[in-house]
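Report on one structure; see the data block that follows.
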Amino acid sequence: MNKTGVLMIVILTTLGFSSKNSSATEYDVNICFWYEAAFSDTGTIQDPGVGDHFRNNNYKIARGAKVKVTRVFGNWDVFFDYVDVESGCTPPLTLNSIWNYRITIYSEAKLQNSNIVKLRNYWEAPSLYARVLSSTFKPNANGFYFFTWDDYDADWVPTIAAGTGFSLYRNHGDTYFETFYVYNYGCDGDISAFTGEYICLGTAGRRRRFSMAHEMGHNFIYLQAGVGRAYGYDYASNECEGPVDSHSFDSQEFQRAAAWEGIAQFYSASVWNNEEETNCDFDYYRAVDMDHDGDLDGENPDPWNPLYIYSCDYGVQFMDSHCDADDQENPPTLGNEFDWLRFWWDLHAREDVSITTISHIWEEANPDDEDGWTDGTAYLRLRSAAISNGISANTWDYWAAQNGVDHYLED
Ligand SMILES: [Zn+2]
């Protein structure tokens, strides 16, 4: 729902209240919260698709945020709970115009299925952020009152809260009662990563919605499958353009690593794009030679805010066409995360395979059961799990071949 829609509800509901009680100094008050957002990867999306999300840095609804409304006199908490996921508002509270109220917001939110995101500050004795938005609030009418957590001088906390919360708002599958821990601090080397226990966001990641949602995707899949990861980025003979010491859109990896990164990229794409579109946009931080003509591609409309946009519908088998090592005809144990992103997107957007089903496929393939995945069997394990989750072999095989993820060792 956009801001205009929210304001419309406000007016209608306020009219409803006014006929009920207008003379007392007690008022029925809903207090509503916004995050000020300062993403670096908004506003330049390629496709003005209806339903794409966070395409600008307008205020974002503080969905499910934990807030406290305290009567200053007596320090009495009128409300200390999560606001509504859709509106970002408290339920009606009875507040009296003679008192001052203190309004506090915390960096914690409860989204659908009682899943919680906690954004915390430091490794040692981690704690939530809290911000007092007013200490002198007094109602003067029934209705809705709005408060915004400004990003200025807030260490990107409202931006991160908006991005991680919206990720879970959009894609929670059938996880219930889980807590996602997000640290406003980079892992070693200031990188953004999911460690298996928590997400850490580095200097760049805490401003990129696609990065935040990527790490939330790792965390979601991990919680859904209930098992750890089975991957490494130690494939050193990368024949693509991408880096050899980490992973990226244009790097060649062992298949387990490519699949693990690809499903997180897919999750991120599905958070920010209209899922009806076959050509979703992915805002990436690096230029990639997508068509392998020697020049870097992706649009970069703002040289002060480098951002490169790639389509999920590019129709290229990236690894097969770019990473053609002489000694690796159809390398059976290798993969590319961008190929996996487009593969899952095609199943999702074109074949109506839900996020929930995709997470079940991963869970059933189970990367860390006692047999374990190998880079030669990862693809086949996912394929078997997909078939037992109702996807036809023909459908799977078609899109796998289209996107070039079908690399495996024959039994
Ligand atoms: Zn990742």
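We did not get these values from a lab; they are worked out from the coordinates using the rules stated. Everything numeric here is computed off the predicted structure, so don't read it as measured data. Glycine also receives a Cβ, built like all others from the backbone with ideal geometry; neighbour counts cover every protein chain displayed.
Things worth noting here:
- Residue exposure sequence - Arg350, Arg55, Arg383 - by fewest surrounding Cβ within 10 Å: Arg350, Arg55, Arg383
- Ranking of Phe39, Phe80 by neighbouring Cβ atoms within 10 Å, starting from the fewest: Phe80, Phe39.
- Theoretical gain in end-to-end length, Asp52 to Tyr122 [0.36 nm per residue, Cα-Cα removed]: 21.9 nm
- Prolate is the label for segment 91-171. Its Cα gyration tensor axes, ordered a ≥ b ≥ c, give a/c of at least 1.5 and a/b above b/c.
- Least to most buried among Leu128, Leu380 (fewest other Cβ within 10 Å first): Leu128, Leu380
- Gyration tensor (alpha-carbon) shape descriptor, segment 59-130, a/c threshold 1.5: oblate
- Calculated Rg and Dmax of segment 233-403 using C-alpha coordinates, Å: 15.7, 49
- Net charge over other residues, Cβ less than 15 angstrom from the Cβ of Arg120 (K, R count +1; D, E count -1): -1
- Those aspartates and glutamates that a straight Cα-Cα span of less than 19 Å connects to Lys138, excepting residues fewer than 8 apart in one chain: Glu26, Asp28, Asp77
- With K and R counted +1 and D and E -1, the other residues having a Cβ less than 13 Å from that of Val72 yield a net charge of +3.
- For Glu26 and Asp150, the difference between the fully extended length at 0.36 nm per residue and the C-alpha to C-alpha distance is 41.7 nm.
- Rg/Rh ratio calculated on Cα atoms of segment 349-390 (Kirkwood radius): 1.01
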